[in-house]
Each structure stands twice: as C-alpha cells, then as structure tokens.
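Visitor: Quick one: structure below, then a few questions.
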Amino acid sequence: MKKLLLSIALFALLATACGGPALQPTPLPTQPPPTSTPAPTSTPVELTPAQLAAIQLLADALGVPVSEIKVVSAEAVEWPDSCLGISRPNIRCAHVITPGFRVVLEANGEQYEYHTDEDGSALVSAAATLTWHREGGFAGFCDDLVVAMGQAQASSCIPSTAYPLGALTDEESAQFKEWAETFGSVVIEMRDPAVADAMTTVLTFNGNGDGQPAEAEQQLMLAWAQAVYDRLKP
C-alpha cells in the first residue's frame, strides 16, 4: 500500500514538472501621465530711457503713480532744432537736426504728447500751455496763472497767500482746446499809460496750430485768463 501511494505522488510530481510554468497575465504597458502645456506668457515690453523720462514727467505733472500711465506710441523723429520742434517765447533754439522720439502717453483717459531726444535727457511737453502775469497798481500787486493739461495754478507775489491747484471747467477746457488747435506761439502784452497805478499784463500761449489771434480774440484770451484766476484765488 505504501508503494502504491508513493508511486501516485511521484507521478503527480512528474506531471507538474512536464506541464511547464503556469501562465501569468501580461501587464499592459503603462502610459506616461499627460503633461499639461504651460500657458504662453507675454514678454514684458522694455521701455526706453526716453519713454521712462516722459512717463516720469507726466506722473509728476498729474500727481499720479507711473503705473497708471501707459505708452500709446513712440515714433522716431528728427526734430528740426534743439527745442525738439516746440518753440517757446524768449527761448532760443539752435537750428540743428536733433534725433529723438515723439512719445504719446495715456493717463486718466487722456492722451499727452512729449518730444524727446534719443536718450530722454531733453524732454518737452507738446501740450498747449498758457501763462498770464499781471502787476502794478498802487499796492504793487502781482498775479500769475499757469494753465496746462487741463489744470490751472494761480499764484501771487504775496508770500502769505496760498492758491490751490484747480481744474478747468468743461467750458473753460473747451475754449482752451479750441485755441490749442488754432494758434501757435502767441505773446500778448498790455500796458497802461505811465501813471502811478498803471498795470502791465502779459499772456503767453503755446498751441499746436499755426494761427495768430486777432485783436478781439486777444482780448478774449486776456479776459479768460483773468476769469480763471479770479475763480481760483482764495
């Protein structure tokens, strides 16, 4: 009996050995996890020294951070003189070609033009400006007004008098823009006869046009400036 059991066990062992290894499931090839394509990033535009200088000047003029000013355009220009194409009364310009840029900036929904040389060391605003000065009288008073970029600053030679910076009204701004589009460099001087209380009034205006005001328009400009000054003074 023992011989029989031993024979059966030996037979089973040989059968297993002859049958080969048991089949194992073949694993599927693993796929690498999908990689997400990074979103394209915009390359920041590097500003030139001329653009940076114009931005800083406008920020100082408006009293706003430079981050709120953007460059609309920057065009290479050969200015006809050392004044970068912007003539001003009593300022001499050398008639020499000056390479530079016309830079247009935007702030508070308004656009502003600046003329620069190549590196921004020379810079001038192309915005129209008006200055008004009146002096004389028995008390020897003097009044001043500067208007530019929609703002007006009145002042006096009396040290204790402080004048706040003010904004032009819509009506005043519309008139100023009309003159800026029509007239170029204008100087108006009015002097009273030589008497004890004589007054002298000088108005200078720098616009973007090429016309000159007639006498009636000159009187209107003088009256406009005085009215703005009277509205702003304390």
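Visitor: Out of all the residues in the range 186-207, is one or more in a helix (DSSP H, G or I) and more than 26 Å from Glu113 (Cα to Cα)? Don't jump to the end; show me each part of the working.
Guide: Taking the range 186-207 as the starting set, the residues that turn out to be in a helix (DSSP H, G or I) are none.
The answer is no, given that none of the residues of the range 186-207 is in a helix (DSSP H, G or I) and more than 26 Å from Glu113 (Cα to Cα).
Visitor: Follow-up. Go through the range 179-199 and give me each residue that's open to solvent by less than 70 Å² (accessible area, probe 1.4 Å) and either under 20 Å from Arg88 (Cβ atoms) or modelled with pLDDT under 85 (or both). So that I can check it myself, show each step before the final result.
Guide: Step one: list which residues in the range 179-199 are open to solvent by less than 70 Å² (accessible area, probe 1.4 Å), which gives 179-180, 182-186, 188, 197-199.
Listed by number, the residues that qualify are Trp179, Ala180, Thr182, Phe183, Gly184, Ser185, Val186, Ile188, Asp197, Ala198.
Visitor: Based on what the data block shows, is Glu171 exposed (fewer than 13 other Cβ atoms within 10 Å of the Cβ), of a type outside the set (Val, Ile, Thr), part of a helix (DSSP H, G or I) and touching a residue at least 24 places away in the same chain (Cβ under 8 Å)?
Guide: Numbers: exposed (fewer than 13 other Cβ atoms within 10 Å of the Cβ): yes; of a type outside the set (Val, Ile, Thr): yes; part of a helix (DSSP H, G or I): yes; touching a residue at least 24 places away in the same chain (Cβ under 8 Å): no.
Judged against the criteria, Glu171 is not a match.
Visitor: How many of the residues in the range 99-111 are surrounded by 21 or more Cβ atoms within 10 Å (Cβ to Cβ) and either hydrophobic (A, V, I, L, M, F, W, C) or closer than 15 Å to Ala148 by Cα (or both)?
Guide: Step one: list which residues in the range 99-111 are surrounded by 21 or more Cβ atoms within 10 Å (Cβ to Cβ), which gives 100-101, 103, 105.
Pick out the ones that are also either hydrophobic (A, V, I, L, M, F, W, C) or closer than 15 Å to Ala148 by Cα (or both) and you get 101, 103, 105.
Residues meeting the conditions: 3.
Visitor: Can you name the condition, by its number, that Gly211 falls short on among (1) touching a helix residue (DSSP H, G or I) at 6+ places or on another chain (Cβ under 7 Å); (2) closer than 17 Å to Asp143 by Cα?
Guide: Answer for Gly211: the failing condition is (2).
Condition check ((1) buried (at least 16 other Cβ atoms within 10 Å of the Cβ); (2) closer than 30 Å to Thr201 by Cβ) across all residues:
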{"residue": "Gly63", "(1), (2)": "no, yes"}
{"residue": "Ile97", "(1), (2)": "no, no"}
{"residue": "Ala122", "(1), (2)": "yes, no"}
{"residue": "Ala126", "(1), (2)": "yes, yes"}
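Visitor: Residues in the range 67-113 that are out of contact with any Cys (no Cβ under 8 Å at 6 or more places or on another chain), in contact (Cβ under 8 Å) with a residue 12 or more places away in the chain and either in a strand (DSSP E or B) or within 17 Å of Ala50 (Cα to Cα) (or both): how many?
Guide: 28
Visitor: In the set Gly209, Gly150, which member is at positive phi and open to solvent by 20 Å² or more (accessible area, probe 1.4 Å)? Step through it out loud before you land on a result.
Guide: Working: Gly209 fails: at positive phi.
On inspection, the qualifying residue turns out to be Gly150.
Visitor: Based on what the data block shows, is Ala180 touching a residue at least 24 places away in the same chain (Cβ under 8 Å), within 30 Å of Ala50 (Cβ to Cβ) and part of a helix (DSSP H, G or I)?
Guide: Details: touching a residue at least 24 places away in the same chain (Cβ under 8 Å): yes; within 30 Å of Ala50 (Cβ to Cβ): yes; part of a helix (DSSP H, G or I): yes.
Considered against the rule, which asks whether it is touching a residue at least 24 places away in the same chain (Cβ under 8 Å), within 30 Å of Ala50 (Cβ to Cβ) and part of a helix (DSSP H, G or I), Ala180 comes out as yes.
Visitor: Six or more apart or on different chains, Cβ under 9 Å: which pairs go from a residue in the range 218-234 that's over 18 Å from Ser156 (Cα atoms) and free of Cβ contacts under 8 Å to residues at least 24 places away in the same chain to one that's part of a helix (DSSP H, G or I) and not basic (Lys, Arg)? Could you list them?
Guide: Taking only residues 6 or more apart or on different chains, the pairs are Leu220/Gln175.
The values are calculated or read from the model by the stated rules, or taken from the named source; none is laboratory data. Given the structure is predicted, the values throughout are model-derived calculations rather than measurements. When we count neighbours, we look across all protein chains shown, and the Cβ atoms used for this are built from the backbone with ideal geometry, even at glycine. Only protein heavy atoms, including side chains, enter the accessible area calculation; ligands, DNA and RNA are left aside. Shrake-Rupley method; radii C 1.70, N 1.55, O 1.52, S 1.80 Å.
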